[in-house]
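Here is the structure we will look at, set down as structure tokens.
The values are calculated or read from the model by the stated rules, or taken from the named source; none is laboratory data. Every value quoted in this text rests on a predicted model; they were computed, and no experiment measured them. So basically every Cβ, Gly included, is an ideal-geometry build from the backbone, and we count neighbours across all protein chains shown. Areas reflect the complete protein model, heavy atoms only, side chains present, ligands, DNA and RNA absent. Shrake-Rupley method; radii C 1.70, N 1.55, O 1.52, S 1.80 Å.
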There are 2 protein chains.
Amino acid sequence: MSFSMSKASLPSLEIGLNALSGVLDKAQAFATSKKVDPSVLLGTRLCPDMFALTRQVQLASDLAKNGMARLAGVEPPRFEDTETTIDQLKARLAKTVSFLKTLDPKKIDAAADREITFPLGPTKKGHMQGDDYLSHFVLPNVYFHLTAAYAILRHCGVELGKQDFLGGIRMKMT
Amino acid sequence: MSFSMSKASLPSLEIGLNALSGVLDKAQAFATSKKVDPSVLLGTRLCPDMFALTRQVQLASDLAKNGMARLAGVEPPRFEDTETTIDQLKARLAKTVSFLKTLDPKKIDAAADREITFPLGPTKKGHMQGDDYLSHFVLPNVYFHLTAAYAILRHCGVELGKQDFLGGIRMKMT
């Protein structure tokens, strides 16, 4: 019956980021089979003022690592946004998951009542209570970018299903 | 410091579904100003084998109400999928939020270790532990459909920003 901030976040984020890595594998296979330069997929966006695929992946990574680092009270690693290939984006996702594994679940659990301060754009700052920050900012934002990346690739014609989005969840089927 | 299954879900779902209702308001205003039949927006999809906007909204509603009803151990209301207008979809979202408010948080909290059984397509069933079902199935699926609906409307040219997706969260800005 024990449920906690860390339990509500670390496994979900790990599953979601790993699922995105699998989605990128399918994008690579699609590009190869269609003889399309993968950079075409990476530069695709759903509308002119939405981010392209590369940035969606970077943002999923950033929201997860920065959000959880703030809740755990540690400095997040800084990833330069220099990825230009699918392999590099997959490496970034793997690095993000590795970083999440270093965080102390107890510190995350203890952050429920603590005020979290985070940058909102270049000059402004947001302030939220820890539990709200996790449930109403970090998780929705990460899922937003995971879904946007998936949707861009569906839009490009990559064959993906909901299971590719949900990833390696513990489910029995009968 | 108290965090729980119900706290990790009911407020987030309410905020997310209400945010989608606000997104639909902007879709209606866009249709009016562009003299576009709103049904064009409701029938838009990001690729031929993804659901159109109407179905994305219905699925966000269904995943939230059915998922949380199963966790609370009650029968969810059945909504017929007959909506053809933005107002009808907004009414469905409002009904979903009203239903979520009737659920007993304590019953949801007590479901962490319970096996949840749910339909997967017409013949198969999924089985997950309650806490996994919430964190790895219900919430990701709801956010998937909230994001897909938002992305379809961005794709159509409706002016939306991340705040429209996040909705009425408790955040101070400085």
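Only a single criterion out of (1) farther than 25 Å from A:Ser9 by Cβ; (2) facing another protein chain (nearest Cβ under 9 Å); (3) in contact with a helix residue (DSSP H, G or I) (Cβ under 8 Å, 6 or more places away or on another chain); (4) of a type outside the set (A, V, I, L, M) is not satisfied by B:Thr84, namely (2). Of the listed requirements (1) under 18 Å from the mean Cα position of the chain (by Cα); (2) surrounded by fewer than 23 Cβ atoms within 10 Å (Cβ to Cβ), A:His155 misses just one: (1).
Each residue in the range A:140-161 was checked for being more than 9 Å from every other protein chain (Cβ to nearest Cβ) and either of a type in the set (S, T, N, Q) or without any contact (Cβ under 8 Å) to a residue 60 or more places away in the chain (or both), and 1 pass. Criterion applied to A:Asp113, A:Asp132 was being out of contact with any His (no Cβ under 9 Å at 6 or more places or on another chain) and either touching a residue at least 60 places away in the same chain (Cβ under 8 Å) or more than 23 Å from B:Gly161 (Cβ to Cβ) (or both), and the one residue passing it is A:Asp113.
For the range B:1-74, the helices (runs of 4 or more DSSP H) that sit wholly inside it and include 2 or more residues that are surrounded by fewer than 21 Cβ atoms within 10 Å (Cβ to Cβ), within 10 Å of the chain's Cα centre (by Cα) and within 14 Å of chain A (Cβ to nearest Cβ) are B:10-34, B:53-72.
Kindly indicate which of B:Thr123, B:Thr84, B:Thr117, B:Thr96 is touching a Lys or Arg at 6+ places or on another chain (Cβ under 7 Å), among the hydroxyl-bearing types (Ser, Thr, Tyr) and open to solvent by 10 Å² or more (accessible area, probe 1.4 Å). Even if it seems obvious, please write down each step before you answer.
Values: B:Thr123 fails: touching a Lys or Arg at 6+ places or on another chain (Cβ under 7 Å); B:Thr84 fails: touching a Lys or Arg at 6+ places or on another chain (Cβ under 7 Å); B:Thr96 fails: open to solvent by 10 Å² or more (accessible area, probe 1.4 Å).
Checking each option against the conditions leaves just B:Thr117.
Tell me, which residue of the range A:162-174 that is open to solvent by less than 30 Å² (accessible area, probe 1.4 Å) and out of contact with any Asp or Glu (no Cβ under 8 Å at 6 or more places or on another chain) is farthest from the other protein chains (Cβ to nearest Cβ)? Steps first, please.
In the first step, residues of the range A:162-174 are kept if they are open to solvent by less than 30 Å² (accessible area, probe 1.4 Å); the result is A:165-167, A:169.
Retained after the next criterion (residues that are out of contact with any Asp or Glu (no Cβ under 8 Å at 6 or more places or on another chain)): A:165-167.
Details: A:Phe165: 6, A:Leu166: 6, A:Gly167: 8 Å.
Within the range A:162-174, the match that is farthest from the other protein chains (Cβ to nearest Cβ) is A:Gly167.
Within the range A:66-110, the set of residues being over 21 Å from A:Ala52 (Cα atoms) and touching a residue at least 60 places away in the same chain (Cβ under 8 Å) comprises A:Gly67, A:Met68, A:Arg70, A:Leu71, A:Val97, A:Leu100, A:Lys101, A:Leu103, A:Pro105, A:Lys106, A:Ile108, A:Asp109. Mind checking whether some residue in the range B:117-134 is in contact with a Gly (Cβ under 9 Å, 6 or more places away or on another chain), of a type in the set (Phe, Trp, Tyr), farther than 19 Å from B:Lys65 by Cβ and facing another protein chain (nearest Cβ under 9 Å)? Looking for residues that are in contact with a Gly (Cβ under 9 Å, 6 or more places away or on another chain), of a type in the set (Phe, Trp, Tyr), farther than 19 Å from B:Lys65 by Cβ and facing another protein chain (nearest Cβ under 9 Å), one finds none in the range B:117-134, hence no.
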